[in-house]
Each structure stands twice: as C-alpha cells, then as structure tokens.
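Data block below; observations after.
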Amino acid sequence: MQYEGVLTKMQTEIGNPIQYYLIFENSFLNVNQLLGKELEITFQGYQCLNCNKKKKIFRQGFCYDCFMGSASAGDWIMKPELSTAHLDIEDRDLVYEKKVQLQPHIVYLALSSEVKVGVTRGSQVPTRWIDQGAVQAIPIVEVPNRYLAGITEVALKNHYADKTNWQKMLKNEVPAADLIKERASLKYLIPKEVQEYFDINKNDLCELQYPVLQYPKKVASLNLDKSPNFSGKLSGIKGQYLIFEDGTVFNIRTFEGYVVKISL
Ligand SMILES: [Zn+2]
C-alpha cells in the first residue's frame, strides 16, 4: 500500500487511546493501525500550505514569502500578549485577526514533560493538548479574547515552563503532579483584568492516553532534508510524533508542507 501527498499535522480523535489520522488529498490513513508494522517514508518535494507552490518550506508549512506575509503567521500567534485586534489595531490583516483573536481563549496547565502553561483557542481543546503530548491538562481560565489569555500566560511564565521538553515527553519521563491543586494555588498570580474569569470549583481535568506499544529509551529526530528515505517499525504515536522501534522519532509538525510517499 502507498500513500502520497503533502504532510499536514495529524488529525486526532479523543479516545482510549487517541486516534491519529494522516489526511492526504485523495486518501487518509488511520495511523494507529500501523502500530507494530514496518513503514517507509520517502521525501519527494515541497508544497507550501498557503500558496501551493513547490517552494522550500521555511516554517509552519509555509514558504518564506508566505510566512513573512501571511496574516496567519503574525507575531501574535506565538506571542498572544501582542494581540491588538481588541483595540481595533491591525498587524497584517485586521479582519482575519479579529476573527481569530476575538473568540474564547483558554489558558491552561498541561503535564507533558513538566507542568507547563499555555494558551489556545477554546475550539482547539483538547486538540492542542494532544498535539503537545500532554498526559493531563486543565483549563485555568477561559477569557473572551487572545490578548487577555496572553497577559495571563506571561504572568504565569515566571512560575511554570512554557515549552515542552520533547525528548522527555517522548520517553514518557513525566513527573507526578496534581494539576487541580496546582491551579488552586496560582489564583494570586493571575492579572487583575482576568480574575473575574477564574473559577476554582470547576473539575475539568482532562487525561489523555496515547497509542504507544513501547516508549524509547533514547530518541533521535528524523530530518527529511538530511535523510530523505527512512524505514522503521512504528512503536507509538504521541503529540505529533511518530515513534519508531529504533528510537527514531518523526515530528510531523516540523515537516508540514513536505510531499512524502508512505509505503506499507
Ligand atoms: Zn507559499
């Protein structure tokens, strides 16, 4: 069997375990069904997710020009506190920015490699947590726009990590933590403008189960630019990573916009 097309991040479906899908133009693949099987990944070229041209991918699946110009790659994406649509101030495209920024956002704690703080649109829960490989997550506040979420995250960043250590996450080296207790203890850190959205009594801890047969002891990333052809036996899926028996891990996210052939 062969599947061919542009890589985009895997679609997920919550379940026990989580289900993962690779979606191509004319076909899709339930990746869970490949567990324990050999597969081969071959790099074939680039296709920008924004302009569809066969240009080298710069970041987030976009070619350089699209990344620098597209409204969906502004600085406020990675730094929510820079959001300005609530003030009617444009970054690259105010209509787009209003649509994305002026909707409910969640600030959360997630346990991936340690307890980390993050921001996501309400509609992206629990997708965002799955993509990070969190084993547990809990919302801290839900606020009406991206700016308020951003300033809350900034206030909490001094006390929590804001990045996942992907090696630890993939090796499942996760410390014990009580996120409900943790959330209750951080109310005083939340900015004044956001205090009204904090509800200590909510019980909405989310636990996530990944399809992994065996966690690796050591991990090494597959880089399609350097190794355009790779074969291995799939031993797990966590976050947006495929984990192979020999410890090779393939971050689908990093290679969005790459055209690949997957042979089973
Ligand atoms: Zn492009």
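The convex hull drawn around the Cα atoms of the chain, when projected onto a plane and averaged over every direction, covers 14.3 nm².
Note on LYS192/GLU13: beta-carbon distance plugged into 1/(1 + (r/R0)^6) with R0 of 51 Å gives a FRET efficiency of 0.85. Highest mobility in the GNM of the chain, judged by mean-square fluctuation with C-alpha springs under 10 Å and restricted to ALA71, ALA177, ALA85, is found for ALA177. For the chain, modelled as a GNM whose springs connect Cα atoms under 10 angstrom apart, the maximal fluctuation among GLY118, GLY15, GLY150 occurs at GLY15. Rounded to the nearest 5, the antiparallel percentage of DSSP beta bridges internal to the chain is 95%. Electrostatic bookkeeping for GLY133 treats Lys and Arg as +1 and Asp and Glu as -1; over the other residues with beta carbon under 14 Å from its beta carbon, the sum is +4.
Computed FRET efficiency, Cβ-Cβ of LYS226 and HIS159, R0 45 Å: what is it to the nearest 0.05? Please list the in-between numbers first.
Details: r = 38 Å, r/R0 = 0.84.
Rounded to the nearest 0.05, the efficiency is 0.75.
Loop sites here are GluC sites (Glu not before Pro) outside DSSP states H, G, I, E and B with no more than 13 other Cβ atoms within 10 Å. The longest part of the chain free of them is 26-172. For the chain, take the longest principal axis of its alpha carbons; what is the angle in degrees between that and the long axis of helix 146-157, to the nearest 10 within 0 to 90? Once rounded, the angle reads 90 degrees.
Cβ under 15 Å from TYR3's Cβ, TYR3 left aside: what net charge do those residues give with Lys, Arg +1 and Asp, Glu -1? With Lys, Arg at +1 and Asp, Glu at -1, the net is -2. With R₀ fixed at 35 Å, the C-beta to C-beta distance from ASP178 to ALA71 puts the FRET efficiency at about 0.30.
Taking every DSSP bridge with both residues inside the range 103-207, close to 95 percent are antiparallel.
Amide H to amide H, with H built 1.01 Å from N, LYS238 comes under 5 Å of ILE243, counting only residues 5 or more places away or on other chains. About its Cα centre, the range 103-207 has a charge dipole of approximately 200 debye under the convention of +1 per Lys or Arg Cβ and -1 per Asp or Glu Cβ, with nothing else charged. Rounded to the nearest 20 debye, the dipole size of the chain about its Cα centre is 560 debye, using +1 on the Cβ of Lys and Arg and -1 on the Cβ of Asp and Glu.
The Cβ shell under 12 Å around TYR64 holds other residues with a net charge of +3, Lys and Arg each +1, Asp and Glu each -1.
For the range 103-207, what does the relative contact order come out to in percent, with C-alpha contacts under 8 Å and a separation of six or more? Here the relative contact order equals 35 percent.
Values in this text are rule-based calculations from the coordinates and carry no lab data. Please read these numbers as outputs of a predicted model, since none were measured by experiment. Using ideal geometry, Cβ is built from the backbone for each residue, glycine included, and neighbour counts are taken over all protein chains shown.
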